[in-house]
Amino acid sequence: MLFPNLPTKTLGGSFIWDTLDRKNGWKLQKNLITEHYRILDPENVRQAWSPDESSIWRTFRKFTSVSRD
């Protein structure tokens, strides 16, 4: 279950975020306080977020796949 997302510029998560994976400039991060997840694009704009780990991993794979047809 992903939450509705308004793409928002971030600072990239250098303080309260743990980067779980990076691929093609994209980052999958987990918040160390609230334990929710987010996906940042190469410009550090949040493209998705969720409290559900399995759905955020699926979405991260979609964003970072070579062909995004």
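A straight Cα-to-Cα reach below 20 Å connects LYS27 with the aspartates and glutamates ASP18, GLU35, ASP41, GLU43, ASP52, GLU53, residues fewer than 8 places away in its own chain not being considered. Along its three principal directions, the equivalent ellipsoid of the range 29-69 from the Cα gyration tensor extends over semi-axes of 19, 12, 6 Å, largest first.
For the chain, taking Cα atoms only, Rg and Dmax work out to 11.0, 35 Å respectively.
For LYS62, put the label point 7 Å out on the Cα→Cβ axis and report which residues of the range 21-42 keep their amide N under 12 Å from it. None, by backbone N distance to the label point. For the chain, the solvent-accessible area works out to 66 Å² per residue, with a probe of 1.4 Å and every protein chain left in place. A simple spin-label model places the labels of LEU2 and TRP26 0.9 nm from each other, with each point 7 Å out along Cα-to-Cβ. For the chain, a simple Cβ point-charge model (Lys and Arg +1, Asp and Glu -1, everything else neutral) yields a dipole of about 160 debye relative to the Cα centre.
The values are calculated or read from the model by the stated rules, or taken from the named source; none is laboratory data. Everything numeric in this text was worked out from a predicted model, so none of it was measured. Cβ: placed from backbone, ideal geometry, glycine included. Neighbour counts: every protein chain shown. For accessibility, only protein heavy atoms count, side chains too; no ligands or nucleic acids. Shrake-Rupley method; radii C 1.70, N 1.55, O 1.52, S 1.80 Å.
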